[in-house]
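K.L.:
Mind looking over this structure? Questions follow.
The values are calculated or read from the model by the stated rules, or taken from the named source; none is laboratory data. This structure is a prediction, so every number in the text was calculated from the model and none was measured. Cβ placement follows ideal geometry from the backbone for every residue including glycine, while neighbour counts extend to all protein chains displayed.
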Amino acid sequence: MGTFIQLVVDGLSTGSIYAALALAIVLVNQATGLINFAQGGLAVLSGYVAYAFVQAGLPLVVAIILAVALSFVLGALAERFLVRRFERGDPDTAVVVTIGLLTLITGIIAVIWSYNNLGFPSLFPLTSVDILGAVVSVRSLATTVTIVVIMVVLQLLFLRTKLGLALRAVADSPASSALSGLPVGRLLMVGWGLAAALGAVAGVLVAPQLTLTPGMLDTALVYALAAVILGGLSSPIGCVVAAWAIGVLENLVAVYVPFIGHDLKIAVPFALIFVILILRPQGLFGRKVVVRV
Amino acid sequence: MRNPLSAKPLSVEPQSVKPVATGNRTVRIVVLVLVAVVLLLAPLNLPPFANQTLVRIGVYAVAVLGLNIVMGYTGQVNLGQIFFVGLGAYVTAYGVKQGWNILLVFVLACLIAGVVGLLVALAAARLGGLAIAMVTIALPIVGVPLAKRLEGFTGGSQGISARFTDAPDWSGLYNDQWQYYIILLVTAAGFLLARNLVRGKYGRAFGVVKENEAVAASMGVSPYRTKVLAFTVASIFGGASGFLYLAAVQYTSPETLSFGHSISLLAAMVIGGAGSIAGSLIGGAYYVLVPLLTNAVDPGLTTVSQGAILLIVLFLLPEGLVSLPRVLRRITGRNRDRPGAPQRTVPAPAPGAGSEKQADQHQTEHQAIPDQTDQQQTIQHQTGRQDQA
């Protein structure tokens, strides 16, 4: 029982990282209809930026806040000067643009900081607590709680503020929003900025555990994409639930199903996707999209 | 009813873009013969390294070609093409180890990849656009650990090597030349088959499914079956490419089918030109040459320069390198009167574009080529036909 609880909490914690990235992907997708493959790359860059600030002698919390703020700016700039040009064109081309961005960011990181692993200080204490006889690390719990808080804040932002309303309007119909006087371009930049900031949070949360490398979040991105499809592209809460489910499930399967083990556990979410998509093509929580001819 | 179908080839035919196509038939045949002669004689006069590079271009051009059929022509995002390349390579390696006839091995490499592709497609094609991307992303992601696990068949992480392309004595060729001819033969056959496929009935079905599935269904083209067909054909090309890969490299490991390579293939396809046969060849060349180039410049900057090159090309030529002559002609030939070329300057309609988008694209088409009455008439003629769709 002790191991079980431990596995579940650790699963929730890794699932939270996937969830943050998945939320970022949904944000971008809702705003611009794209899947941003560079989301993980941007997050890793934020991790490195935070690392640089720490090296410069800033306290960790300040460094992280600065890095998240910078990511917001970077995401907005990426939308304005890179993606904007391709938003109306062939979606395949736009996807490849984000792949190009990912390659570019990875390359830049490698040039500045090299491919070697760098240790990143943890925001949370590395102690553990006893819950029902299980040893649970404080970091796992705190990571999960952080993501929950961010989720609630985002939900409030989207449902309770004027900015959120405008963002939703642009996502719904850029043309009508423009006609009602909304600054569509700037709102798209805000959407991308928010997504990048969210990714940055994921980056700094996971960096102490994985240590910083340019490809740190490549696997996490794949899991996040799986969570996005599983939860449905239109449902932020669905994505988070799916991400947690994936995190917990793969942890449990790796330990309790010897045939799968740690090397094949990545197949679990995809097997799940395969089954669920065939039964429910719009995702677990997504709305069915009806296209008019 | 036939209008959208008959309008399609105008925008997808890569051959019509080349200046030679605007000349008469004899010129075209002469050029083709010249190209064939150059291709046949090249390996005898080139150093081994150049031959090996050409061989690898052929290998990846076939993989990109397959990807182009399912993605460029049919509009189904496929992130798992490299899985079929790896599968073909493993089947080939296994078959050669078992001492099977090499033709049988080739057929098996294509067939097994095709069957697996068919099975995946039967499930994946039921789903809408991005869901297909997710199912296909799983192929290399799951494929790598699976290849490591199935040691008896794949040699595990060590990989598996097999030599079967040493030049026979009677040919008097070096190994690299012999490999070149094998790959030239298969690649040329593959490109010819693909060209005929996309220009014929099925190619038009691909085009309609890409533009609008509802329209396709209303015309009696089943989107589901068309997608499954395109995906299966792409997998077969992937398998063939895997066979060629082993012929060229003589070794394969789980690394061959890693997700990163799949993404690079996708980038190569878009860079070369989505929905273009010639673009697939350019894509294969891009896939092989750009890493060579960036490595030669500065190995430390390989990744960053690859990303930069990718973005720069897309910025300048969003429709891929294959559109370069067309774009150049649009810039330089605006004032020249060339009655032979008018329709070819019309950009291909953006796939998935709704009626609104098409409408404003027509506007830009008109603006792009002002004050040339005969050209404008042709364009109006064409756009008129599209509007009926």
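K.L.:
Give the residues of the range A:94-134 that are away from every other protein chain (no Cβ under 14 Å) and aliphatic (A, V, I, L, M), sorted by residue number. Please lay out each step first, then the result.
P.N.:
Our first condition is that a residue be away from every other protein chain (no Cβ under 14 Å); within the range A:94-134, this holds for A:117-134.
Result: A:Leu118, A:Leu123, A:Leu126, A:Val129, A:Ile131, A:Leu132, A:Ala134.
K.L.:
For the range B:24-126, please list each of the helices (runs of 4 or more DSSP H) lying entirely inside it that holds at least 2 residues being of a type in the set (S, T, N, Q) and surrounded by fewer than 24 Cβ atoms within 10 Å (Cβ to Cβ). Steps first, please.
P.N.:
Details: elements: B:25-45, B:48-67, B:81-97, B:102-124.
The helices (runs of 4 or more DSSP H) meeting that bar are B:25-45, B:48-67.
K.L.:
Only one residue in B:Ala162, B:Ala133, B:Ala167 is surrounded by 15 or more Cβ atoms within 10 Å (Cβ to Cβ) and at the interface with another protein chain (Cβ under 10 Å from one of its Cβ atoms). Which one? Quick ask: steps written out before the conclusion?
P.N.:
Numbers: B:Ala162 fails: at the interface with another protein chain (Cβ under 10 Å from one of its Cβ atoms); B:Ala167 fails: at the interface with another protein chain (Cβ under 10 Å from one of its Cβ atoms).
None of the other options fit; the residue is B:Ala133.
K.L.:
Collect the residues in the range B:97-127 that are of a type in the set (Gly, Ala, Ser) and within 14 Å of another protein chain (Cβ to nearest Cβ), keeping them in residue-number order. Spell out the reasoning first.
P.N.:
So the first thing to find is which residues in the range B:97-127 are of a type in the set (Gly, Ala, Ser), and the list is B:99, B:109, B:113-114, B:117, B:121, B:123-125.
Within the range B:97-127, B:Ala121, B:Ala123, B:Ala124, B:Ala125 qualify.
K.L.:
Return yes or no: is A:Ser140 within 20 Å of A:Val204 (Cα to Cα), in a loop (DSSP other than H, G, I, E, B) and modelled with pLDDT under 85? Break it down stepwise before answering.
P.N.:
Numbers: within 20 Å of A:Val204 (Cα to Cα): yes; in a loop (DSSP other than H, G, I, E, B): no; modelled with pLDDT under 85: yes.
Judged against the criteria, A:Ser140 is not a match.
K.L.:
Going by what's in this entry, would A:Ile273 be described as buried (at least 19 other Cβ atoms within 10 Å of the Cβ), within 14 Å of chain B (Cβ to nearest Cβ), at pLDDT below 80 and outside any loop (DSSP other than H, G, I, E, B)? Talk me through it step by step, then tell me what you get.
P.N.:
Numbers: buried (at least 19 other Cβ atoms within 10 Å of the Cβ): yes; within 14 Å of chain B (Cβ to nearest Cβ): yes; at pLDDT below 80: yes; outside any loop (DSSP other than H, G, I, E, B): yes.
Yes: the conditions hold for A:Ile273.
K.L.:
Next up: Restricting attention to the range A:133-148, report how many residues are crowded, with 19+ Cβ neighbours inside 10 Å, within 15 Å of A:Leu7 (Cα to Cα) and among the hydrophobic types (A, V, I, L, M, F, W, C).
P.N.:
1
K.L.:
Then there is this: Which of the residues that make up the range B:67-96 are more than 24 Å from B:Thr154 (Cα to Cα) and more than 12 Å from chain A (Cβ to nearest Cβ)? Don't jump to the end; show me each part of the working.
P.N.:
If we filter the range B:67-96 for residues that are more than 24 Å from B:Thr154 (Cα to Cα), which is where we start, we get B:67-78.
Of everything in the range B:67-96, just one residue is more than 24 Å from B:Thr154 (Cα to Cα) and more than 12 Å from chain A (Cβ to nearest Cβ), namely B:Ile69.
K.L.:
Can you tell which of B:Gly238, B:Gly260, B:Gly279 is within 14 Å of chain A (Cβ to nearest Cβ), of a type outside the set (A, V, I, L, M), closer than 29 Å to B:Ile312 by Cβ and crowded, with 23+ Cβ neighbours inside 10 Å?
P.N.:
Values: B:Gly238 fails: within 14 Å of chain A (Cβ to nearest Cβ); B:Gly260 fails: crowded, with 23+ Cβ neighbours inside 10 Å.
Exactly one of B:Gly238, B:Gly260, B:Gly279 is within 14 Å of chain A (Cβ to nearest Cβ), of a type outside the set (A, V, I, L, M), closer than 29 Å to B:Ile312 by Cβ and crowded, with 23+ Cβ neighbours inside 10 Å, namely B:Gly279.
K.L.:
So in the range B:264-298, with the set limited to residues that are of a type outside the set (S, T, N, Q) and not in a helix (DSSP H, G or I), which one is farthest from the chain's Cα centre (by Cα)? If you could, list the steps in order and put the result at the bottom.
P.N.:
First, pick out the residues of the range B:264-298 that are of a type outside the set (S, T, N, Q): B:265-275, B:277-279, B:281-293, B:296-298.
From what's left, not in a helix (DSSP H, G or I): B:273-275, B:298.
Details: B:Gly273: 8, B:Ala274: 8, B:Gly275: 8, B:Asp298: 29 Å.
Among them, the one singled out is B:Asp298.
K.L.:
Could you give me the residue pairs with C-beta distances under 8 Å whose first residue belongs to the range B:204-217 and is more than 18 Å from A:Pro91 (Cβ to Cβ) and away from chain A (no Cβ under 13 Å), whose second residue is of a type outside the set (Asp, Glu) and outside any helix (DSSP H, G or I) wherever it lies, and which are 6+ apart or on separate chains?
P.N.:
B:Ala205/B:Val221
K.L.:
Quick one: count up the residues across the range A:113-152 that are under 30 Å from B:Leu301 (Cα atoms) and of a type in the set (A, V, I, L, M). Outline the logic, then answer.
P.N.:
Taking the range A:113-152 and keeping what is under 30 Å from B:Leu301 (Cα atoms), we get A:113-121.
Narrowing further to those that are of a type in the set (A, V, I, L, M): A:118.
Number satisfying all stated conditions: 1.
K.L.:
Based on what the data block shows, is B:Ser323 among the hydroxyl-bearing types (Ser, Thr, Tyr), more than 14 Å from chain A (Cβ to nearest Cβ), in contact with a helix residue (DSSP H, G or I) (Cβ under 8 Å, 6 or more places away or on another chain) and assigned to a helix (DSSP H, G or I)?
P.N.:
On the way: among the hydroxyl-bearing types (Ser, Thr, Tyr): yes; more than 14 Å from chain A (Cβ to nearest Cβ): no; in contact with a helix residue (DSSP H, G or I) (Cβ under 8 Å, 6 or more places away or on another chain): yes; assigned to a helix (DSSP H, G or I): yes.
Taking the combined requirement at face value, the residue does not satisfy it.
K.L.:
I've got another one for you. Do you know which residues across the range B:299-317 are more than 8 Å from chain A (Cβ to nearest Cβ) and either surrounded by fewer than 17 Cβ atoms within 10 Å (Cβ to Cβ) or part of a loop (DSSP other than H, G, I, E, B) (or both)?
P.N.:
Going through the range B:299-317, the residues more than 8 Å from chain A (Cβ to nearest Cβ) turn out to be B:299, B:309, B:312-313, B:316-317.
Correct list: B:Pro299, B:Ile312, B:Leu316, B:Leu317.
K.L.:
While we're on this one: Examine the range A:202-222 for a residue that is buried (at least 23 other Cβ atoms within 10 Å of the Cβ), among the hydroxyl-bearing types (Ser, Thr, Tyr) and more than 16 Å from A:Asn29 (Cα to Cα), and state whether such a residue exists.
P.N.:
No, every residue in the range A:202-222 fails to be buried (at least 23 other Cβ atoms within 10 Å of the Cβ), among the hydroxyl-bearing types (Ser, Thr, Tyr) and more than 16 Å from A:Asn29 (Cα to Cα).
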